[in-house]
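As C-alpha cells, the structure follows; a few thoughts come after it.
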Amino acid sequence: MVASVFDLFKIGIGPSSSHTMGPMVAAGRFVARLADAGLLDRVARVETRLYGSLALTGKGHASDRAILLGLAGEEPVSCDPDAADRLIDTIRTTRELLLARHHRIAFDEDADLLFLQRERLEYHSNAMTFTAFDAAGAELDRRAYYSVGGGAVIDEGETGGNAPGGGGLWDVPHVFRSGADLLAIAAETGLSFAEIMRANELAARSPEALSAGLAGIAEAMSACIDRGIRTGGILPGGLKVKRRAPLVMAHLMERQERMLSDPLTLIDWVNLWALAVNEENAAGGKVVTAPTNGAAGIIPSVLRFYDRFAPGADQAGVERFLLTAAAIGSLFKENASISGAEVGCQGEVGVACSMAAAGLVAAWGGSPMQVENAAEIGMEHNLGLTCDPVAGLVQVPCIERNAVGAVKAIEAARLAMMGDGTHRVSLDEVIETMRRTGLDMNERYKETSQGGLAVNVVEC
C-alpha cells in the first residue's frame, strides 16, 4: 500500500489530529459498528476510557469534546466549530446524548468518560476503548481504537501496521517505500516525485477529481491563514495566550514602506502565516492536518510563501508542492511515525518541515535529488525535538514552533537548491535515525505534559 495525498492532508477541527480528530473518528466508527450489528437501539450507555497520552493531555487537546461529537454523529471534515460548541453544551446540560443523531441515551460524564492517566495499552500511547451496555447493564460490545497520528485511526483488529484499515492506494504503477525507491523510480522513468505521486493517485481517481481535491486542500489551508489573521482575542484553555497574528499583520501593514529595505521582511510574513494557522487550530477552528494539527501551520505558510513570492508561481506549482510533500510524508508514516505520542515533536513539526522543504524545491523546479536533499535537511535539524505542551494545550511551545519550522523549511529548500542534490546523509538514514531517537526518548517528552516546558513553565 502507498499512502495517498489525501491520507496526509485531512480537513478537520483543532486542536489536535491525534487527540481531537482521531478520537472523533474512533467514536463514530464504534457507533457505526453498533448500527451494523443491529445493536444501536438496544444501547442504554456508552463508556469511553482513554489511556496513555490521550488520558494525560486529552482534556487540553479537547479529546472529551471530540468523543462526544463523534458519538453524536459528527465528522471532522464537516463539523462546524460553532455548531459543535452548541452541541457539547446541550449534551452536558441535558445529560443526554443522541447516538449517531438517532438513538438517545443518558450521559453521565464523570462515569462515562474516563481519563486513566496511570494506564497504557500495549500497542500505542493514544489508546481508547468504547463499551456499550444495555438497560440491564449487560455488555453489548467493546472495542479498542488507537489514534496513530494525522487523524488516522486503527482498531484492535488492524494493529499489524501503522495505517488505518482501507486507507492508502493499492494497485498503483509506482510502489515505493523509501527515498531510495523514489530516486530509483525517478532515474528509471524520468518522472519527478510529484509525477510519481500523480500517477499513483490517478489509479484511484480522475485527473479532474485529483486537481479538484488538491485545490480544495490548498484553499482550506489559505482560508485558515486568513481566518487566523482576522481573529483576535485570548485562546481557550486557561494559559491566557493572546492571539498575535492580527497584531503582526497590523505591524506589517503599518511599516510596509520602511520594511522595503529590510531583507528579513519575508520571514515576518512567513511567521505571520504560520502563527495564524496554529492560533486558529488552538482555538478549535478548521485546519488541514499537514501531516498533523500540531504542525498544521508549516506547509500552509511555506506554500503561501511560494505563491506570493516565487516568480511564475501557478496552480501547477501548487500541485507539485502538495504531491511532493505527500510523497515525503508517506515515507515517514511508513517507516517511522507522525505521532508526537510515539516519537515526540520531531514526528510532527520535524516531518512537516521535511515535507514543506521538499514541496518548495519541487515547486521551484528542483531535481529529484535536490528534493530528497531538502527533505533530509528539513528533518536532520529537527531530530530529537520533544513534545512537551504546557498544560496539555496545543499552544506553548506549539504555535511558535510552527513559525520556526516554516522558516527552517525554506532554509532547507534554499540550501538544497544551491547544490546538485549530492549529499552525505540520505533521507532514509535520517528517517531511521528519527525512528530510533523516538524509541530512545523518555516518555515524559512524548505528548504527556510530564517533562520539558510542560513542568518548568509556571502556570498562573
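Here are a few things to note about the model shown:
- Lone qualifier among S18, S4, S53 - being farther than 30 Å from A215 by Cα and hydroxyl-bearing (S, T, Y): S53
- Residue-level check: of (1) within 29 Å of E348 (Cα to Cα); (2) outside any loop (DSSP other than H, G, I, E, B); (3) not β-branched (V, I, T), R120 misses just (2).
- Tally, over region 35-59, of residues that are open to solvent by 20 Å² or more (accessible area, probe 1.4 Å) and of a type outside the set (A, V, I, L, M, F, W, C): 8
- Residue in region 143-156 that is of a type in the set (D, E) and either over 30 Å from R49 (Cβ atoms) or out of contact with any Lys or Arg (no Cβ under 7 Å at 6 or more places or on another chain) (or both) present: no
- In the set (1) open to solvent by 50 Å² or more (accessible area, probe 1.4 Å); (2) more than 27 Å from V407 (Cβ to Cβ); (3) β-branched (V, I, T), I267 fails one condition alone, (2).
- The residues of region 212-253 that are open to solvent by 40 Å² or more (accessible area, probe 1.4 Å) and over 24 Å from I399 (Cα atoms) amount to a single one, A212.
- Top-ranked residue in region 390-422 [being in contact (Cβ under 8 Å) with a residue 60 or more places away in the chain and touching a Cys at 6+ places or on another chain (Cβ under 6 Å); ranked as surrounded by the fewest Cβ atoms within 10 Å (Cβ to Cβ)]: G405
- S78 falls short on exactly one of the conditions (1) open to solvent by 20 Å² or more (accessible area, probe 1.4 Å); (2) touching a residue at least 12 places away in the same chain (Cβ under 8 Å); (3) on the phi < 0 side of the Ramachandran plot, and that condition is (2).
- Pair list, Cβ under 9 Å, 6 or more apart: region 365-384 residue among the hydroxyl-bearing types (S, T, Y), other residue assigned to a helix (DSSP H, G or I) and buried (at least 24 other Cβ atoms within 10 Å of the Cβ): S367/V361
- Residues of region 81-104 that are touching a helix residue (DSSP H, G or I) at 6+ places or on another chain (Cβ under 9 Å) and either surrounded by 13 or more Cβ atoms within 10 Å (Cβ to Cβ) or small (G, A, S) (or both): A84, L87, I88, I91, R92, L97, L98, L99, A100, H103.
- In region 40-54, the residues that are outside any strand (DSSP E or B) and basic (K, R): R42
- Residue ID - farthest from V288 (Cα to Cα), chosen from residues in region 65-95 that are assigned to a helix (DSSP H, G or I) and in contact with an Asp or Glu (Cβ under 8 Å, 6 or more places away or on another chain): R92
The values are calculated or read from the model by the stated rules, or taken from the named source; none is laboratory data. In this text, all values refer to a predicted model and were calculated from it rather than measured experimentally. We place every Cβ from the backbone using ideal geometry, glycine too, and count neighbours over all the protein chains shown. Note: areas computed on protein heavy atoms with side chains; ligands, DNA, RNA excluded. Shrake-Rupley method; radii C 1.70, N 1.55, O 1.52, S 1.80 Å.
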